[in-house]
Amino acid sequence: MDVIGIASGKGGVGKTATAVNLAVGLVMRGRKVMLFDADMGLANAQLALGCTTPFNFGHVISGEKTLEEIIVTTRQGIRLVPGASGVQKLASLDTLAAAAIVQAFSSIEEEFDFLVIDSAAGISSSVLTFMQASQRRLIVLRDEPSSIADAYGTIKVLINEYKLDEIYIVPNMVENQSAGRMLYNRINDVCEKFLSQSVKYLHSITHDEHMLAAARNYQSVLEFAPGGNSSRDFRKLAETVDSLDQTGVPSGGLQFFFERIIVDKRFK
Ligand SMILES: Nc1ncnc2c1ncn2[C@@H]1O[C@H](COP(=O)(O)OP(=O)(O)O)[C@@H](O)[C@H]1O
Ligand SMILES: [Mg+2]
């Protein structure tokens, strides 16, 4: 199983859009995908997929529900772990509760090809913990000074403090692929110069009005406008992610992911 964490630094740049459409795109390719909505503040992956969930991760944290009881299969075929909307922060979990969560995930016997994690804005310790536990990290950014600065700030912490690699750039809301590639080149140059490490390029997502219309219709853009520009890009993104080299990627189930979270000393 490949674990893909999605971050950006800044909010509103398209993390949820990327997480959701990547997950849908991978399912369309026949993969088994779990989407974990780890944005405990907004929890809008379910809205983007048009599914209402009676329970969420907050109920697991509080001990009211088991993980099995909260996971839903969306109509797109994604196994979704709904985020806890505005409830307890993951970062504030004590060790016991955290261990219980690991236990909960260990009990899930389903096998997945991909676990996609949609995270909150910013670089709080819980976002960083998720990024560390992931096998690959996707940084979504747009061509705008604050987004570039925040993306760089996130990458800097991931590289300097967490010593992580497998960092991939996904330029979003770009005019075309070559504009996205140029944005990637700019941030990669800065990373090479100041962090002595390069970041990788995945694929860019074109700015597309269908995105807004899809959201208004509680659909992923891949369902709402499959022939649109962003859908074409998300299909290519899913294809690229699906064909990434798995050599050296530790295999294992969900429990390994959560075990990595717990061993992160910052997770207190
Ligand atoms: N490629 C795109 N083209 C047009 N609008 C987009 C695109 N990507 C995202 N959006 C819109 O931008 C807004 C923020 O996206 P969202 O995924 O919620 O960001 P984040 O999760 O990073 O806060 C949403 O209204 C979404 O529909
Ligand atoms: Mg979001």
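The values are calculated or read from the model by the stated rules, or taken from the named source; none is laboratory data. Remember, predicted model here, so these are calculated numbers, not experimental data. Positions of Cβ are backbone-derived with ideal geometry, glycine not excepted, and every protein chain shown enters the neighbour counts.
Would it be correct to say that LEU202 is within 23 Å of VAL3 (Cβ to Cβ) and either free of Cβ contacts under 8 Å to residues at least 12 places away in the same chain or more than 16 Å from ligand 1 (Cβ to nearest atom) (or both)?
When the stated conditions are applied, LEU202 does not pass them.
Out of PHE234, PHE194, PHE224, report the one residue that is within 16 Å of ligand 2 (Cβ to nearest atom) and among the aromatic types (Phe, Trp, Tyr).
PHE234
Which residues, counting only those in the stretch 3-39, are part of a helix (DSSP H, G or I) and in contact with a Gly (Cβ under 6 Å, 6 or more places away or on another chain)?
VAL27 - this is the single residue of the stretch 3-39 that is part of a helix (DSSP H, G or I) and in contact with a Gly (Cβ under 6 Å, 6 or more places away or on another chain).
In the stretch 174-201, what residues are more than 15 Å from ARG232 (Cβ to Cβ) and either in a loop (DSSP other than H, G, I, E, B) or β-branched (Val, Ile, Thr) (or both)?
ILE187, VAL190, SER196, GLN197, SER198, VAL199, listed by residue number.
Can you find even one residue in the stretch 76-91 that is crowded, with 18+ Cβ neighbours inside 10 Å, modelled with pLDDT under 70 and outside any loop (DSSP other than H, G, I, E, B)?
Yes - at least one qualifying residue is present in the stretch 76-91.
Give the number of residues within the stretch 97-115 that are at pLDDT 70 or above, under 11 Å from PHE257 (Cα atoms) and buried (at least 17 other Cβ atoms within 10 Å of the Cβ).
The total comes to 2.
Which numbered condition trips up SER146, out of (1) buried (at least 17 other Cβ atoms within 10 Å of the Cβ); (2) within 16 Å of ligand 1 (Cβ to nearest atom); (3) at pLDDT 95 or above?
(1)
Can you tell which of SER243, SER251 is surrounded by fewer than 20 Cβ atoms within 10 Å (Cβ to Cβ), at pLDDT below 95 and of a type outside the set (D, E, K, R)?
Going through SER243, SER251 in turn, the sole match is SER251.
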